[in-house]
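Nothing in this text is a laboratory measurement; each read-out follows from the coordinates by a stated rule. What you are looking at is a predicted structure, and each value in this text was computed from that prediction instead of being measured. Because the Cβ atoms are built from the backbone with ideal geometry, glycine has one as well, and the counts that use them run over all protein chains shown.
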Number of protein chains: 2
Amino acid sequence: MNTMEKIFRLSDNALGMQASEIRELMKLSSKPGIIAFGGGSPDGLRFPFAEVAEIEKEWNDAKKRAAFQYGATNGYPPLLDHLKKRMISNGIDMNDQSIITTTGAQQGIYLMAKAMINPGDTIIVESPTFIGALASFKSLRAVFEWAPLEPDGISIDATKAILQRLKKEGRLPKFIYTIPNFQNPSGITMSQLKRKTLLDLAIEYGVPILEDDPYGELYFEGTATDYKPIKSLPGANNFVVYLNTFSKILSPGMRLGWTTGPSTLIGQLEIAKQSIDACTSSFTQVIASDYLEKGYVNGYVDKMREVYRSKCAMMMLSLEKFMPKGVSWSKPTGGFFVWLTLPTGVSSRALFNAALSRNVAFVTGTPFTEEGKGDGYARLAFSNCSLEDIEKGVKLLSEALKEVAA
Amino acid sequence: MNTMEKIFRLSDNALGMQASEIRELMKLSSKPGIIAFGGGSPDGLRFPFAEVAEIEKEWNDAKKRAAFQYGATNGYPPLLDHLKKRMISNGIDMNDQSIITTTGAQQGIYLMAKAMINPGDTIIVESPTFIGALASFKSLRAVFEWAPLEPDGISIDATKAILQRLKKEGRLPKFIYTIPNFQNPSGITMSQLKRKTLLDLAIEYGVPILEDDPYGELYFEGTATDYKPIKSLPGANNFVVYLNTFSKILSPGMRLGWTTGPSTLIGQLEIAKQSIDACTSSFTQVIASDYLEKGYVNGYVDKMREVYRSKCAMMMLSLEKFMPKGVSWSKPTGGFFVWLTLPTGVSSRALFNAALSRNVAFVTGTPFTEEGKGDGYARLAFSNCSLEDIEKGVKLLSEALKEVAA
């Protein structure tokens, strides 16, 4: 124990959260000129810059004052109104439900974790799943039960088996965490049938679902009906907490998300938020409220569906063109990500080094899965690369793969 | 247990954080037309609106993209550079020290709590102290040792006695939380002599200090030397973590603070923050960085010192003019708050009701102190009231007080 550790005696929670390999890899990936399949960032050249400038230019004194001042912990009332309408138009029954705005959807995840997790509590997660959610849950010392993903979403059989076993052991999970649309990292979408079945299971066992839907509007095949949230199904009202964000439909730099769920629960999240950051940025909430009110969101989402459609198409074409035999990948119909299954025996960690030396970055499969299961996989994000870079990057990655496999 | 509680089984941390009386009082206080001595908000009519508009108008493409995109968890690099210079010019030795930007200084408090507190751990706090800090610590089930405030700051004798006792019991506190300048809620400033003595105690016992300094620049008597942070004293480097915020020198609606401390500890806060909200708003960080770079901060702080000086002077005059005998109050030399000691037997809760019926709000003393100690006190914030309202509000409050005392 060095001096610092004697003076700053860390909590058990913090001691369980030492710097992870993934963070080191991400730092390596941020060198200039790199083709970045790594981070899950939106297209950085196409944010609605002009719309936001227009919005702020039109602020009257009252809006300016609201934007610069502290706000209520649950959110800026006009924004809450717009979000409520949006939830209703998305098929969600807002009876006895409330909304709280959050500092990114990441905070919505953390608030749920803080409100519900005791050390040792179990959470059912998809395998693979979002690193940020795992970090939130781990930071409160949850343990995981992993339900494998299938091409049409979470394995219902596995989920049911887990629930049966945990019920028998008297330790039902606190909730089931799922990303039904264009899942991070797999790009997989849960079928509407499975959504219904998963909800039935949740109701049967009395275990809520935490539904994370950051990419749901960014479909580029099918229609909105194919991607309707679990939260919109009959009977979901008391069992599903729904997370969403402005990160993909406006800007992640605004750090603005929202959580919808039973009012009594949202009240608990509000109390937790009070102690964490008091309120979400009024400044970015007033921007987002006007962005919804003026309908700018629709034009932007329409445009970005086309942008991500082309990028994904280029990714698919390039993978088909360059990847050696033994590699397979998911076929996303929206979102940012493709999940690569590497040939048997090829380590994504070894591939990472070979790719990095060719100036291509991605995220290895390991941090998304249970220990020892992810090294044969890789997540590629096409969202923030040019079409040229996608083609070039996949070509370089395939060369790295051949080198590693040799 | 109702249905919701069966489905959403709350954590022990959450169960300990049921809605507090203070939150209900604050809601009652937000009715229109009220004279609001309650919230600790900056002057809402005088934010640097024009400067921020000017900053955004001048953003080039690179800055726009940085503002709209995800950023590093520890902060926007140009802002971190400006803050480092600011810390150094404030006398702080930045050797082996790092800075992390936070979603308000409230998040800095929470990150420290999350990194260091196990359930049952002790924190030494001033009596009275900031409600938001108590909420953060309580939300992780800390217990408190209360060191009374004296007119020149925290009682050194009491702090020493607490440290001796806890050391003997083998349960040294995780840290000492203090607000040395224009303390919230008392308005009291710790003398430079006491800062030195407190630091010596911290070093002697190996217990760090969490120094919260949101108001430090807003002095209206004396000079910066009188308010130099504990963090700037010789030997403080490894023992003091320093919190500050843009809430009082730019805008609380931006939700932007920063924490400075030993690099290894700040690395732990960064890991904690990753799981809570991933990163602080890039949008507001780019604004704040330019705000420091262009030097707008100096003009604004100079102006606001004068504004708050007049408001505090009007508060002092009005208290002298209207308050009945048996009432006393602190004499702040900066910041936002005056702490009222009510005549023996007068309850601040009863006064609250009588004042509210006259359209005046304040915060009762109870939430700032150990249980059963605060009801004889009241916090008045003069920061966001007009001079007219301060005079009128104090007059009405004195009438309410006479009614309650009768």
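Enter the mean number of other protein chain beta carbons within 10 Å of the beta carbon of each residue in B:279-288, as an integer.
5
Partner chain Cβ atoms within 10 Å, averaged over the residues of A:113-119 - can you pull that number for me?
If you average over the peptide's residues, the count of other-chain Cβ atoms is 6.
Per residue of chain A, what 222 nm ellipticity follows from adding -39500 (n - 2.57) for every DSSP H run with n ≥ 4, rounded to the nearest 500?
-13500 deg cm²/dmol
Taking every DSSP beta bridge that has both residues in the protein assembly as shown, what percent is antiparallel when rounded to the nearest 5?
Within the protein assembly as shown, antiparallel bridges account for around 55 percent of the total.
Amide H of B:ILE209 versus every other amide H placed in the peptide plane: which residues, excluding those fewer than 5 positions away on the same chain, fall under 5 Å?
For B:ILE209, the qualifying residues are B:ILE176, B:VAL240, B:VAL241.
Restricting to bridges with both residues inside segment A:49-296, how much of the DSSP beta-bridge set is antiparallel, in percent to the nearest 5?
Among the beta bridges of segment A:49-296, antiparallel pairing accounts for roughly 45 percent.
Within 10 Å, count the other beta carbons around each residue, average over each peptide in A:125-135, B:77-87, and list them highest first.
Highest mean packing first, the order is A:125-135, B:77-87.
Take peptides B:343-355, B:319-331 and line them up by average Cβ neighbours within 10 Å, highest first, as a rough protection proxy.
B:343-355, B:319-331
If amide H atoms are built 1.01 Å from N in the plane of the peptide, which residues on other chains or at least 5 residues away come under 5 Å of the amide H of B:GLY334?
HN-HN under 5 Å from B:GLY334: B:PHE220.
Taking B:ASP157 in one copy and the same position in all the others, each labelled 7 Å out along Cα→Cβ, what are the pairwise distances from the first, in nm, shortest first?
In nanometres, ordered from closest: 7.6.
For a test of the definition: using alpha carbon positions, the gyration tensor, and the 1.5 limit on a/c, classify segment B:48-102 as rounded, prolate or oblate.
Verdict is oblate for segment B:48-102.
Please list 3J(HN,Hα) in residue order for segment A:240-254, calculated via the Karplus relation 6.51 cos²θ - 1.76 cosθ + 1.60 where θ = phi - 60°; whole Hz, with x for glycine and proline.
So the J values, rounded to whole Hz, are 10, 9, 10, 9, 8, 8, 8, 4, 9, 10, 8, 5, x, x, 6.
Starting at the first residue of segment B:140-147, write each ³J(HN,Hα) from the Karplus equation 6.51 cos²θ - 1.76 cosθ + 1.60 with θ = phi - 60°, in whole Hz, x for Gly and Pro.
10, 6, 6, 10, 10, 10, 9, 9
For the ranges A:108-117, A:370-379, what's the packing order if you count other beta-carbon atoms within 10 Å of each residue, average per peptide, and put the highest first?
In decreasing order of mean packing, A:108-117, A:370-379 become A:108-117, A:370-379.
Every other copy gets compared here: list the nm distances from the B:LYS373 label point (7 Å along Cα to Cβ) to its counterparts, shortest first, one decimal.
Nearest first, the other copies' label points are 5.1 nm away.
Amide H to amide H, which residues 5 or more places from B:THR122 or on other chains are under 5 Å from it, using H placed in the peptide plane?
Excluding prolines and chain starts, which carry no amide H, the hits are B:VAL143, B:LYS174.
At B:ASN60, label 7 Å along Cα→Cβ: distances to the other copies, nm, ascending?
3.8
By a straight-distance test (C-alpha under 26 Å), which lysines pair with B:LYS167 as possible cross-link partners, with residues fewer than eight away in the same chain excluded?
Hits, sequence-local ones excluded: A:LYS6, B:LYS114, B:LYS138, B:LYS194, B:LYS196, B:LYS231, B:LYS373.
What shape does segment B:59-296 have by the C-alpha gyration tensor, where a ≥ b ≥ c are the square roots of the eigenvalues, rounded means a/c under 1.5, and otherwise prolate means a/b greater than b/c and oblate the rest?
Prolate shape, in that a/c is at least 1.5 and a/b is the bigger ratio.
Which shape class applies to chain B: rounded if a/c is under 1.5, otherwise prolate when a/b exceeds b/c and oblate if not, where a ≥ b ≥ c are the square roots of the Cα gyration tensor eigenvalues?
rounded
Shielding by partners for B:263-276, please: the mean number of other protein chain Cβ atoms within 10 Å of each residue's Cβ.
Across B:263-276, the average partner-chain Cβ count within 10 Å equals 6.
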